[in-house]
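Quick notes on the structure that follows.
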């Protein structure tokens, strides 16, 4: 552990020392030509420019292009927007981006659950891949643990909606999220931000960037410490639940040996030491009275629990990357990205939410990944341009879960999944005329997976001996995919572009490490890839003298071999009563997903603007699995609200020699099912009534913020209020009918955070 810590801290120390010694030089450079303080009109104009989406440059297509010029349904949330609302992590994106659901997953504050257009994955167990790809510094993050990234040292977040198979490969079947950190600066930049607020919130953010050797070497360091008391209380242990305790830092060095070559080294590390998320009972536990002697109804307070488990929730995630860019010529650029990431997780989950060990589990996860990507970008022809690449992924994800059910059924789930993935890709634009462009893409992928599982029923809660082997397999399989894309884009005029395309993405198949293959041999077999084929038509416009950005997209998708995680109940002793269960994972069926998205951003060009979105999503599942696998046709596509929308009013005007900015916004989400861990309602002895306690009703969130920026831009003071109406809404949960365990966790209540920031240069 000490050796690992020393390795992790080495890069931070090197960069920190270098920047400290370079600080006088940086300061001097900043003082050589002191910038004139902006006028009031210039302050307002700059604020409005930041809010104008048409000027944003993104790298969603692996090229640097203006947001309005790329034929993709992509949204961008900038650092200024994230700073204004005092965002603590990227879950805030669902209030700014159409058809997106992002929240804390499965009892851990930094575990990511992400869905785009109804496609994603809520089960973070090893062997199960996400449905939305997450990238930081252009490096794919394969696992959900530690992936709910905290907001610091960020330039922007790009959200690509719909399959991104050609350019981003596997596990981008729903879309992709690109977290783009701040670039290392040629000029000295630095800031410190302090945030204080409700529930004893304490947020400390710091970053420093600039030249170390002018024209040759530059670097950056960034750090964040995010603390908050819990929203609820463990009534049995008299301690907080659902608190926050995150430490994160990044460091980077960029060497510029020539005008054409750059070598960039990046490092990031995140530690989550918060208490487990508080699970609250949504229904009375029918078994609680028999085992405890008292009834166990839902708690009066939504965030309270009375768990007796060890309050352990530890996540450590670390990443390294080396990016080399070579401008071979004005028309040809080569890029290499080499990266390594690892994550270690340990946590307890109390499914019964009582002081007794009726349904408790301790889980440890580990994973590591090595990736290599080569890119070749060509822009030297009026006839065509394109990006071509090779991608390699080598990763291992494994773990161990020790569980206790009804005090006398301890069991252990243990295993791992090795993955090796190889892909080449090509994405080209053929300019048929000055206005008409043909988009072509293809990404052949070969993926090799090796799954190992050894699951047993233990003799006692020491978990040392066992009396029954539930699963014992060691298997290998191979998956292939082509992920094609074809589309047309037409530039009606400089400010209006339309496109139509058909593209495909896939989510990798794998192994169910929770299998009960002794009684159900089919559960040891690998499940297949998910495949999503989408046709999309869209338009991007800048209207009314460039005061209004209006983008729209309509899509129709064929969603096949949907991977579903569910708890399957069964009769273990032949008495006709289901008294046991196991975690099943299967390809349940197909679905049709279609919808419409509208984004708008209007500025009066003086002091007022409006922005937001309106989205419609229709999911028609053809999930009719009647083969006895435990998945019923009453299920729906999860995390897919039919209507979502937002409206935000923005204000900018001079005040006290500086600039006052303010915003008030409302976001709406229709009802949606949060989990597909279905089953019959335990209150119905016939077993014919579907259980839907985790259907979240429609709700809306009201937020507001106001901030003042000094004329010299050194000081920024702001206050942000979230969920001002104190709306109650579920974000995740569990349904284990055999255990009578039906519980969920709620989103944040009303919170207010004040911030003060000082910018050094």
Residues located in the stretch 747-760, provided they are crowded, with 19+ Cβ neighbours inside 10 Å and touching a strand residue (DSSP E or B) at 6+ places or on another chain (Cβ under 6 Å): 747, 751, 753, 755
Which listed residue is crowded, with 21+ Cβ neighbours inside 10 Å and assigned to a strand (DSSP E or B), from 479, 506: 506
Odd one out for residue 309, checked against (1) crowded, with 16+ Cβ neighbours inside 10 Å; (2) at pLDDT 95 or above; (3) farther than 19 Å from residue 64 by Cβ: (2)
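Working only within the stretch 32-79, note down all residues that are in a helix (DSSP H, G or I), at pLDDT 85 or above and closer than 20 Å to residue 708 by Cα. So that I can check it myself, show each step before the final result.
The initial filter retains those residues of the stretch 32-79 that are in a helix (DSSP H, G or I), namely 32, 40-51, 53-55, 67-69, 79.
Keeping just the survivors that are at pLDDT 85 or above gives 67-69, 79.
Once the filter is applied, which keeps residues that are in a helix (DSSP H, G or I), at pLDDT 85 or above and closer than 20 Å to residue 708 by Cα, the stretch 32-79 yields only 79.
Sort out which residues of the stretch 158-192 are assigned to a loop (DSSP other than H, G, I, E, B), buried (at least 24 other Cβ atoms within 10 Å of the Cβ) and over 12 Å from the mean Cα position of the chain (by Cα), and write them in order of number. Explain how you work it out, then say what you get.
First pass over the stretch 158-192, keeping only residues assigned to a loop (DSSP other than H, G, I, E, B): 162-164, 169-174, 182-188.
Keeping just the survivors that are buried (at least 24 other Cβ atoms within 10 Å of the Cβ) gives 162-164, 169-174.
If the condition is that a residue be assigned to a loop (DSSP other than H, G, I, E, B), buried (at least 24 other Cβ atoms within 10 Å of the Cβ) and over 12 Å from the mean Cα position of the chain (by Cα), then 162, 163, 164, 169, 170, 171, 173 are the ones that fit.
Condition check ((1) more than 29 Å from residue 127 (Cβ to Cβ); (2) touching a strand residue (DSSP E or B) at 6+ places or on another chain (Cβ under 6 Å); (3) not in a strand (DSSP E or B)) across all residues:
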| position | (1), (2), (3) |
| --- | --- |
| 299 | yes, yes, yes |
| 308 | yes, no, yes |
| 326 | yes, yes, no |
| 338 | no, yes, no |
| 348 | no, yes, no |
| 364 | no, yes, no |
Filter pass, residue 136 being touching a helix residue (DSSP H, G or I) at 6+ places or on another chain (Cβ under 7 Å) and either surrounded by fewer than 22 Cβ atoms within 10 Å (Cβ to Cβ) or within 23 Å of residue 225 (Cβ to Cβ) (or both): no
Positions within the stretch 377-411 being surrounded by fewer than 18 Cβ atoms within 10 Å (Cβ to Cβ), in a strand (DSSP E or B) and over 28 Å from the mean Cα position of the chain (by Cα), in sequence order: 378, 384
Residue match in the stretch 534-546 (condition: closer than 25 Å to residue 123 by Cβ and within 22 Å of the chain's Cα centre (by Cα)): yes
Criterion violated by residue 537 - all others in (1) surrounded by fewer than 23 Cβ atoms within 10 Å (Cβ to Cβ); (2) modelled with pLDDT of 95 or more; (3) in contact with a helix residue (DSSP H, G or I) (Cβ under 8 Å, 6 or more places away or on another chain) satisfied: (3)
Considering residues of the stretch 666-683 that are assigned to a strand (DSSP E or B) and either in contact with a helix residue (DSSP H, G or I) (Cβ under 7 Å, 6 or more places away or on another chain) or surrounded by fewer than 20 Cβ atoms within 10 Å (Cβ to Cβ) (or both) only, the residue modelled with the lowest pLDDT: 680
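How many residues, within the stretch 213-239, are buried (at least 22 other Cβ atoms within 10 Å of the Cβ) and touching a strand residue (DSSP E or B) at 6+ places or on another chain (Cβ under 7 Å)? Don't jump to the end; show me each part of the working.
Step one: list which residues in the stretch 213-239 are buried (at least 22 other Cβ atoms within 10 Å of the Cβ), which gives 218-222, 226, 228, 231-232, 234.
If we keep only those that are touching a strand residue (DSSP E or B) at 6+ places or on another chain (Cβ under 7 Å) too, we end up with 218-222, 226, 228, 232, 234.
So the count comes out to 9.
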Pick from the stretch 509-532, criterion within 25 Å of the chain's Cα centre (by Cα), touching a residue at least 60 places away in the same chain (Cβ under 8 Å) and part of a loop (DSSP other than H, G, I, E, B), ranking: nearest to residue 171 (Cα to Cα): 509
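Would you confirm whether any residue within the stretch 279-289 is over 29 Å from the mean Cα position of the chain (by Cα), in a helix (DSSP H, G or I) and at pLDDT below 95?
Of the residues in the stretch 279-289, the ones over 29 Å from the mean Cα position of the chain (by Cα) are 283-289.
When the remaining residues are screened for being in a helix (DSSP H, G or I), the result is 288-289.
With at pLDDT below 95 added as a condition, the list becomes 288-289.
So far as the stretch 279-289 goes, yes, one or more of its residues are over 29 Å from the mean Cα position of the chain (by Cα), in a helix (DSSP H, G or I) and at pLDDT below 95.
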Counted residues, the stretch 597-619 - those being without any contact (Cβ under 8 Å) to a residue 60 or more places away in the chain and either under 30 Å from residue 456 (Cα atoms) or crowded, with 16+ Cβ neighbours inside 10 Å (or both): 4
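The values are calculated or read from the model by the stated rules, or taken from the named source; none is laboratory data. These numbers come from a predicted model, not from an experiment. A quick note on method: Cβ atoms are made from the backbone with ideal geometry, for glycine too, and the neighbour counts reach across all protein chains shown.
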